[in-house]
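Asker: A single structure is presented below for examination.
The values are calculated or read from the model by the stated rules, or taken from the named source; none is laboratory data. These figures come from a predicted structure and were not determined experimentally. Cβ coordinates were reconstructed from backbone atoms using ideal geometry, including for glycine residues, and neighbour counts include every protein chain displayed. Note: accessible area is taken over every heavy atom of the protein model, side chains too, but ligands, DNA and RNA are not part of it. Shrake-Rupley method; radii C 1.70, N 1.55, O 1.52, S 1.80 Å.
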Amino acid sequence: MKAKSVLPFAKGEGDVRKYQFALAMLCTALACMPAVAQDSSQQTWPTPYMGAADMPLETLPNGARVTAETARYFNLPANSPDRASYDSEMVLKVADGIWTLALPSIVNVHVVEGPEGLIVYDTGDSLKEGEAFYRLLRKATNAPIRAIIYSHEHYAHGTRAFVDGEAARGNRQIKIVSNTGLNLEMMRTRGAYALYPEVAPVLAARALQQFNTYLPEKGPDAGFKNSIKPGVDGFMPVDTPVVDGQKLNLAGLDVHFRTSGIETDSLFQVMAWIPAKKALLNNIVWGWFPNIYSVRGGGYRDPLLWRHAVDEIAALQPEILLSTHSSSLAGRDQIAKRLSDYRDAFSFVLDQTLKGILMGQGPDELRYSVKLPPRLREAPILIQNYGEIAHMPPRIYSAIFGQFDGDAANLNQLHPTEEARRMVEAMGGGSAVAKRISRAIKGGDYLWACKLADYLLRVNDSGPNRQLKAACLREMGYRTLATNSRSWYLSQARALEGKTALLKVAPVPAASIVSSPGDYVDYFRIRINAERSADTDELLVLRFGPDQVFGLNIHRGLADFVADPAHGKRDADVIVEMSPQTWAAIYNNRADAAALLDQGAIRVTKGTDTSARRLFALFDPIYDWAGDSALKAMAPR
């Protein structure tokens, strides 16, 4: 006879076992907790932004104020074994028939010569940068280009310079090779990948703050490394797409491609292996600790996938390693050491983050507890002069748990302005907080000073309060090793001082909208004003040509995209015709639909002009060209 359960809620043996398992897990967790609470009142957590008043600073040749560690690295010779990336213009002969082209840029261009000509890997950030890279290429070799390979979407913007340069030499036989999805991604986001492409313009704007765009070329705030300067786009579409495992003969060389299982900062990667040269071209191994999390935003960068990609490279045992962001290497042993360090870094940060989570740490504790051990911290390939490891464990945490840190007090939050008002009141008012900020800055507690300054500025957006926040941001910018962080700190400090204006949302290139107007009709739906459209139930159809007809079904506070109105569930209430160029102007709020109706640039073919005006007016503008200083600076004069 079975013993009767003494658990009032247990209905059978299965429930008892579940309870016993849960109890065992709880007991294990309790056993791991300290028996006596630790006194953390005097504990400190090291960071370069606290107690940093006496940190020595140095000046680079362009006047940039930086840490001594930054200056030491910047001044290393290009061929130093302690350097893993380039900072100046040069042509490096890596091996016979293989060159790396470097600029004061974030990207390298690699050139491999085959029996029939050249293979070029990446082309730069802009047409201007592409022109500079092409000039360097012609210093290295006179051979014709036969193929251009894009590693991914970020550095495919200088291609026009290469193609035009070759056309002037009579060479028009160039294949453009990359991932099968790259053209579509470029058309939709121009390389600023977003989980939801509707907000790609925000990611593009954030990237400007991350890559020195707003910093001067000379002076204490100057940018000096990992810069991206916006310019005319020289992208040319892929005409030879490749899939994982495909082999092509390019310039007389067999090239093997990997496109799957190697996703790092992009879903559209291409890794190229050239067996005859034992050369591997990739965007996997960067010249610094890689951004598992990029603070500009983007998709989750799974460290396990990145580690797997490193293993894929190691399995090939390359003798030449050519990477988008890092110094080029020749020699199997050197490459194996670099790959080993790089792989271990992913494992260490991931595993220590997961261990910290098991020990009860939340995202803000993890940013202090996960530190590289000396052997990895001292590896040149893992220097933190791009991003900061402190930013990465919280991103892993959020990928697992989302935004809630497990503390019930944080389950709901005060509005930031309400919290700021109450905090300022609790500290004795604005004058008292301003004095605290000044003391913190004087003592080198810049992180704390900026926290207080943010509260104060939300309550009182005055010139003196802006100066306080700018002061602590600037000091942190000077003291960080990471160029991404430096750019964010100094860009916002300069904006607070009125020295620059920061874009919040970047306008979409008109060419992108014109090439795919239907996508941008879809993205336009999110601009619906829920209150003004609460009682509306109508279908607006936009016609850009016989094969480009799309709809927005506006119904009670929502706008749903209709890809094929002719076969939809309802008839159109209003149909308008316009050119894709006109739609681009409306999308970027460069023109008002009502005015365009008056001018005849929009023609109503069903319904009335009044109805069309009313429906367009239900969508809120995103770009304030009259009031936004950053947008006004972009407007043609």
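Asker: The conditions are (1) open to solvent by less than 60 Å² (accessible area, probe 1.4 Å); (2) more than 30 Å from ASP302 (Cα to Cα), and GLY402 fails exactly one of them. Which is it?
Answerer: Checking GLY402 against (1) open to solvent by less than 60 Å² (accessible area, probe 1.4 Å); (2) more than 30 Å from ASP302 (Cα to Cα), the one that fails is (2).
Asker: If we keep just the residues of the stretch 158-175 that are among the β-branched types (Val, Ile, Thr) and touching a helix residue (DSSP H, G or I) at 6+ places or on another chain (Cβ under 7 Å), which is nearest to PHE235 (Cα to Cα)? Walk me through it before giving the result.
Answerer: Pass one, the stretch 158-175, residues among the β-branched types (Val, Ile, Thr): 159, 163, 174.
If we keep only those that are touching a helix residue (DSSP H, G or I) at 6+ places or on another chain (Cβ under 7 Å) as well, we get 159, 174.
Working: THR159: 5, ILE174: 14 Å.
Of everything passing the filter in the stretch 158-175, THR159 is nearest to PHE235 (Cα to Cα).
Asker: Right, another one. Looking at ARG466, ARG458, can you tell me which residue is touching a residue at least 12 places away in the same chain (Cβ under 8 Å), open to solvent by 30 Å² or more (accessible area, probe 1.4 Å) and in contact with a Pro (Cβ under 9 Å, 6 or more places away or on another chain)?
Answerer: Details: ARG466 fails: in contact with a Pro (Cβ under 9 Å, 6 or more places away or on another chain).
Exactly one residue qualifies, and that residue is ARG458.
Asker: Among the listed residues GLU129, GLU166, which satisfies the condition of being more than 15 Å from LEU267 (Cβ to Cβ) and touching a Pro at 6+ places or on another chain (Cβ under 9 Å)? It would help to see each step written out before you state the result.
Answerer: Working: GLU129 fails: touching a Pro at 6+ places or on another chain (Cβ under 9 Å).
Sole residue among the options that is more than 15 Å from LEU267 (Cβ to Cβ) and touching a Pro at 6+ places or on another chain (Cβ under 9 Å): GLU166.
Asker: Right, another one. Suppose we filter the stretch 498-512 for residues that are open to solvent by less than 50 Å² (accessible area, probe 1.4 Å) and either over 17 Å from LEU203 (Cβ atoms) or among the basic types (Lys, Arg) (or both); how many remain?
Answerer: The initial filter retains those residues of the stretch 498-512 that are open to solvent by less than 50 Å² (accessible area, probe 1.4 Å), namely 500-503, 505-508, 512.
After this cut, where a residue has to be either over 17 Å from LEU203 (Cβ atoms) or among the basic types (Lys, Arg) (or both) as well, the list is 500-501.
Residues that pass the stated criteria total 2.
Asker: Just to be sure I understand, how many residues within the stretch 520-544 are within 33 Å of the chain's Cα centre (by Cα) and open to solvent by 30 Å² or more (accessible area, probe 1.4 Å)?
Answerer: Qualifying residue count for the region: 4.
Asker: Would you please name the residue that is nearest to LEU316 (Cα to Cα), looking only at residues in the stretch 232-284 that are open to solvent by less than 30 Å² (accessible area, probe 1.4 Å) and among the small types (Gly, Ala, Ser)?
Answerer: Ranking the qualifying residues of the stretch 232-284, first place goes to ALA279.
Asker: Another one. For the stretch 99-164, please list each of the strands (runs of 3 or more DSSP E) lying entirely inside it that holds at least 3 residues being more than 23 Å from the chain's Cα centre (by Cα), of a type in the set (S, T, N, Q) and within 16 Å of THR324 (Cα to Cα). Break it down into steps so the answer makes sense when it comes.
Answerer: On the way: elements: 109-114, 117-121, 145-149.
Qualifying strands (runs of 3 or more DSSP E): none found.
Asker: Just to verify a result, which residue in the stretch 60-77, among those that are more than 27 Å from the chain's Cα centre (by Cα) and without any contact (Cβ under 8 Å) to a residue 24 or more places away in the chain, is nearest to GLU475 (Cα to Cα)?
Answerer: Out of the qualifying residues, it is ALA68.
Asker: Test ASN179 against the criterion of being open to solvent by less than 20 Å² (accessible area, probe 1.4 Å), within 30 Å of ALA84 (Cα to Cα) and either out of contact with any helix residue (DSSP H, G or I) (no Cβ under 8 Å at 6 or more places or on another chain) or without any contact (Cβ under 8 Å) to a residue 60 or more places away in the chain (or both), and give yes or no. Break it down stepwise before answering.
Answerer: On the way: open to solvent by less than 20 Å² (accessible area, probe 1.4 Å): yes; within 30 Å of ALA84 (Cα to Cα): yes; either out of contact with any helix residue (DSSP H, G or I) (no Cβ under 8 Å at 6 or more places or on another chain) or without any contact (Cβ under 8 Å) to a residue 60 or more places away in the chain (or both): yes.
Spelling it out, ASN179 is indeed open to solvent by less than 20 Å² (accessible area, probe 1.4 Å), within 30 Å of ALA84 (Cα to Cα) and either out of contact with any helix residue (DSSP H, G or I) (no Cβ under 8 Å at 6 or more places or on another chain) or without any contact (Cβ under 8 Å) to a residue 60 or more places away in the chain (or both).
Asker: Also: Report yes if GLU388 is under 30 Å from TRP286 (Cβ atoms), open to solvent by less than 30 Å² (accessible area, probe 1.4 Å) and among the acidic types (Asp, Glu), otherwise no. Steps first, please.
Answerer: Details: under 30 Å from TRP286 (Cβ atoms): yes; open to solvent by less than 30 Å² (accessible area, probe 1.4 Å): yes; among the acidic types (Asp, Glu): yes.
Spelling it out, GLU388 is indeed under 30 Å from TRP286 (Cβ atoms), open to solvent by less than 30 Å² (accessible area, probe 1.4 Å) and among the acidic types (Asp, Glu).
Asker: Report, by residue number, each residue of the stretch 563-574 that is loosely packed, with under 14 Cβ neighbours inside 10 Å, modelled with pLDDT of 95 or more and more than 36 Å from the chain's Cα centre (by Cα). Don't jump to the end; show me each part of the working.
Answerer: At the first step, the residues of the stretch 563-574 found to be loosely packed, with under 14 Cβ neighbours inside 10 Å are 563-564, 566-567, 569-571.
With modelled with pLDDT of 95 or more added as a condition, the list becomes 563-564, 571.
Listed by number, the list holds a single entry, ASP571.
Asker: Answer yes or no as to whether ALA194 is open to solvent by less than 30 Å² (accessible area, probe 1.4 Å), among the small types (Gly, Ala, Ser), in contact with a Leu (Cβ under 7 Å, 6 or more places away or on another chain) and in contact (Cβ under 8 Å) with a residue 60 or more places away in the chain. Can you show your working first?
Answerer: On the way: open to solvent by less than 30 Å² (accessible area, probe 1.4 Å): yes; among the small types (Gly, Ala, Ser): yes; in contact with a Leu (Cβ under 7 Å, 6 or more places away or on another chain): yes; in contact (Cβ under 8 Å) with a residue 60 or more places away in the chain: yes.
When the stated conditions are applied, ALA194 passes them.
Asker: Taking the stretch 534-564 only, how many residues are assigned to a strand (DSSP E or B), in contact (Cβ under 8 Å) with a residue 40 or more places away in the chain and of a type in the set (Val, Ile, Thr)?
Answerer: The qualifying residues number 2.
Asker: Right, here's the next one. Can you tell me which of ASP560, ASP547 is charged (D, E, K, R), under 15 Å from TYR520 (Cα atoms) and open to solvent by 10 Å² or more (accessible area, probe 1.4 Å)?
Answerer: Values: ASP547 fails: under 15 Å from TYR520 (Cα atoms).
Checking each option against the conditions leaves just ASP560.
Asker: For the stretch 575-623, give me each residue that is open to solvent by 60 Å² or more (accessible area, probe 1.4 Å), free of Cβ contacts under 8 Å to residues at least 24 places away in the same chain and within 19 Å of ASN529 (Cβ to Cβ).
Answerer: Of everything in the stretch 575-623, those that are open to solvent by 60 Å² or more (accessible area, probe 1.4 Å), free of Cβ contacts under 8 Å to residues at least 24 places away in the same chain and within 19 Å of ASN529 (Cβ to Cβ) turn out to be ASP592, THR610, ARG613, ARG614.
Asker: Condition first: open to solvent by less than 80 Å² (accessible area, probe 1.4 Å) and within 16 Å of ASP364 (Cβ to Cβ). Now tell me which residues in the stretch 409-418 satisfy that. Before you say what the answer is, go through the steps one by one.
Answerer: As a first pass, look at the stretch 409-418 and keep what is open to solvent by less than 80 Å² (accessible area, probe 1.4 Å): 409-410, 416-418.
Result: ALA409, ASN410.
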